Every structure is written in structure tokens, then in C-alpha cells.
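Rule-based calculations on the coordinates, nothing more; no lab input. On a predicted model such as this, the values are computed, not experimentally measured, just so you know. Neighbour counts run over all protein chains shown; Cβ positions are idealised from the backbone, glycine included.
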Amino acid sequence: IDLNDLRKFQRRSPYANEPPITVYLRKDIETKALQIWGSFDALHRALLKRKEEEQKYIDNVFHVKKLLKDFKRQHDPEAKARSRTNFLFKTLAWLYTGSHSLFAEAIHSLADTCNQLILAFGIRKSLQSANVDHPYGYHPMRYIASLISGVGIFCAGTGLSFYNGIDGLLHPQHIESLYWAFYILGGSIISEGGTLLIALNAARKGAQRHGVSVKEYVYRGTDPSVNVVLLEDMAAVVGVIIAGSCMGLTAYYNTPIYDAAGSIVIGSLLGVVASFIIYTNSGALVGRSIPTKRLMEINKQLESDEMVRAIHDVKATDMGNEMVRYKAEVDFDGRHLTRRYLDTIDLEVLLKEMQSLSAMEEVEAFMLKHGENIVDLLGAEVDRIEKELKKRHPQVRHVDLEVL
């Protein structure tokens with residue numbers, strides 16, 4: 001807004017070492033605002049809209065900060081460093097011993113390191129604001145990144161482990177001393193176990209936040225990044241145990257068959273984990289409903305509104321980043337809506353207006369006037385209900401109510 005034509009004054013700034021501030025007269029500002037908006041009602045609506053936008057911005061900022069906090073907890077630099085260190089030492093041990101099980105574990109650690117980068121990209125991309133091309137935002141990018149991660153584990157981890165294990169069975173070769181390899185696996189299980197405890201704690205907190213069990217939280221893939229990290233860490237711990245057991249059998253019986261079989265077992269383990277990740281994330285991308293308990297809570301609030309007679313064809317889908325899109329067909333109580341409209345007008349004036357009607361044109365104008373007002377009131381009631389739903393259920397960010 002151009003304020004150059006208004007009276008202004010210079011006042012000393014209350015802050016030290018700051019230039020003077022410009023002050024305008026409140027009366028001049030109000031007169032200028034009326035010139036722009038036309039009336040106090042229009043100005044009031046503009047102020048309300050601006051406050052809603054500011055509140056929405058604040059809510060988004062808090063939500064993004066929460067997601068970034070979760071991201072830092074799940075993908076801390078120490079975890080990445082541990083993955084890279086495990087990969088390096090397992091690779092060196094494999095090159096020295098020629099162990100097939102160690103090769104499978106090295107591939108597993110490499111896949112874990114690459115997946116952390118993929119998940120980091122997916123989380124950051126999912127926080128990108130909505131635009132014209134993507135009006136609902138980029139929330140599903142977390143599922144897409146996790147899906148890519150699962151496919152990578154299946155193709156690289158499972159495929160290479162199977163190939164190396166089968167090659168070891170068909171062409172058995174002498175394996176060098178596994179003495180130092182056991183120390184490396186011991187250090188690896190300690191680091192992987194610590195990471196697993198952190199992932200379990202994150203999954204437990206997420207389950208408590210959503211009011212479900214940890215099992216249901218993981219099975220539904222509510223937070224795909226937590227799922228991938230948790231399942232990979234579980235597979236890493238189990239994989240190290242399998243590798244150590246098979247290498248021990250190989251050293252005890254002095255035959256490479258057990259070691260090669262260990263690579264195949266580890267590959268099968270990675271295949272199961274990858275299949276579960278692909279299954280849960282593909283289901284989320286197709287469009288998955290929120291838990292029934294949460295859906296019933298939202299429906300209960302909507303049905304308890306005095307304006308609502310009944311709701312039909314309810315759908316609530318998880319968009320990712322704990323965002324929910326809610327859609328319902330609403331049967332409004334027309335009589336109650338009409339009473340609400342009559343409460344806003346003077347009935348005596350309305351009666352006189354009706355008694356003065358003497359021509360079809362006047363009747364038509366009368367019906368158009370009040371019909372439009374009732375429709376406007378209906379729109380205002382829909383907006384009110386949507387705001388109350390979002391306020392009571394912050395995870396509901398997009399509400400589509402269709403009037404029957």
C-alpha cells in the first residue's frame with residue numbers, strides 16, 4: 001500500500017543504535033484502509049483472512065520443526081558414520097578372508113548407508129510447500145523414498161548376496177583365518193544394536209502419539225522413514241548373528257559350505273525386509289485410510305454439529321507427514337439453517353416486505369435476495385465446520401465437505 005501521501009512523523013527508536021521510526025496517524029490509516037477495501041465489513045473480512053493465513057503459516061512452521069527434529073533423531077551423523085565404518089571394516093575383512101557371509105554383510109551395510117541418503121532426500125522433499133502444480137504438497141515423497149529404498153535393498157542386497165552364496169556353493173574355495181573377522185562382527189553388532197534401540201524408541205513414541213501399538217504402527221507404515229530404519233537395523237543385527245554363526249561352523253568343520261549358505265540366508269532376510277517395505281509403502285501411495293478409531297472420532301464431531309443431519313460416503317486418507325485429507329457428503333438440516341438465517345434479520349421488516357409484494361417480478365427479486373443470503377449462510381456454516389474439525393484434529397489439513 002502506498003503511504004507516501006499520508007502525514008508521517010519521525011520518532012526516536014526504543015532500541016539502541018537503531019535509526020528513527022516512522023509513525024502515521026491512526027485516523028489517516030483507517031481512512032486509507034476504507035478507501036482500499038470500501039467498507040468496514042470488507043476490511044474485517046480481510047483482517048480475518050490474514051489472521052487465518054498467519055495461523056496456518058505458524059502451524060506449518062511448528063509442523064516442519066517437529067519433522068526436522070524427528071529427522072535429526074532418526075538420521076543423526078553418528079548413525080551415518082557407524083554405517084560407513086561397518087561397511088569399510090566388513091569390506092576389508094571380506095577382501096582378506098574371502099568369506100561369502102562377510103560379503104553379504106558388507107553389501108548390507110552399503111545398502112544401509114545409501115538408504116540413509118535416499119530417506120534424507122525424501123524427508124526434505126516432503127517438506128516443500130504446495131504450489132500450483134502440486135496443490136496438496138509433496139507429503140508422499142517420504143513413501144516414494146522408502147519405496148525406492150526397499151527396491152534397492154531387494155535388487156542390490158538380496159541379488160548380490162544370493163549370487164555370491166550360490167557361487168560359493170558351486171565353486172567352494174579355501175577361506176583364510178576368520179580370527180579378526182569375528183572381532184569386526186562383534187563391534188558391528190554393538191553399533192547396530194545401539195542404532196536399533198534408538199529406532200525402537202522412535203517407533204514407540206510414534207505409536208503412542210497415534211494411539212496404536214508398536215506392531216500396528218510398523219505394519220501400517222505410518223512413518224515410512226522410521227519403518228525403514230527400524231527394519232534395516234533389525235535385519236542388520238540378525239544378519240550379523242547369522243554371519244557369525246555360519247562363519248563359526250565353517251571354522252569348526254573346516255568347510256566353506258556353511259559360509260556360502262550364510263550369504264544366501266542373509267540375502268533371504270534382506271528380501272523379506274525389502275518386500276515388507278515395498279508392500280507397506282506401495283499401499284500408502286495408492287491411498288490408505290487412517291485408523292478406524294481416528295476416523296470415528298472425526299465423524300463423531302461432525303455428526304454432533306447442530307447443522308448436520310447425517311453424513312455419507314466418508315473418506316479419510318493419509319497423505320504422509322501426519323497429514324490427513326478428509327472428505328464427506330453432508331446432509332444439512334435445512335429447517336435449522338433457515339431458523340439461523342431468520343435469527344439474523346428483523347421478522348417484522350420481512351413481513352412488511354412480503355406484504356408489499358404485488359407483482360411476479362417483485363416476488364422473484366424477493367426470493368433471489370433471500371435465497372442468495374441463505375446460500376451464503378450455508379457456505380459460512382461449511383467454513384465454520386471445517387475450521388472446527390481442523391482445530392480439534394490438527395492432523396486434518398484438507399477438508400472437503402459436499403452438501404447433499
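Below are the figures for this structure:
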| read-out | value |
| --- | --- |
| Two-site FRET efficiency, Trp180 against Val314, from Cβ-Cβ distance with R₀ of 51 Å, rounded to 0.05 | 0.25 |
| Residue among Leu377, Leu110, Leu342 with the largest mean-square fluctuation in a Gaussian network model of the chain, springs linking Cα atoms under 10 Å | Leu342 |
| Packing rank of 347-359, 86-98, where each peptide gets the mean count of other beta carbons within 10 Å, highest leading | 86-98, 347-359 |
| Difference of contour (0.36 nm per residue) and Cα-Cα distance, Lys369 to Leu197 | 55.3 nm |
| Difference of contour (0.36 nm per residue) and Cα-Cα distance, Arg384 to Arg26 | 125.7 nm |
| Nitroxide proxy distance, nm - points 7 Å out along Cα→Cβ at Tyr219 and Ser268 | 2.4 |
| Estimated Rh, the chain: Kirkwood, alpha-carbon pairs, angstrom | 26.5 |
| Long-range lysine pairs (8 or more apart or interchain), the stretch 293-403, Cα under 23 Å | 18 |
| Extension gain (nm, one decimal) between Phe276 and Leu347, 0.36 nm per residue minus Cα-Cα | 19.0 nm |
| GNM flexibility winner over the chain from Ile241, Ile118, Ile29 (Cα, springs under 10 Å) | Ile29 |
| Distance in nm between pseudo-label sites at Ser13 and Arg204 (7 Å out along the Cβ direction from Cα) | 5.1 |
| Highest-fluctuation residue, Pro140, Pro256, Pro394 considered, GNM on the chain with Cα pairs under 10 Å | Pro394 |
| Relative contact order computed over the stretch 162-249 (Cα-Cα under 8 Å; 6+ residues apart), in percent | 36 |
| FRET E, pair Leu48, Arg124, Förster distance 35 Å, beta-carbon r, rounded to 0.05 | 0.55 |
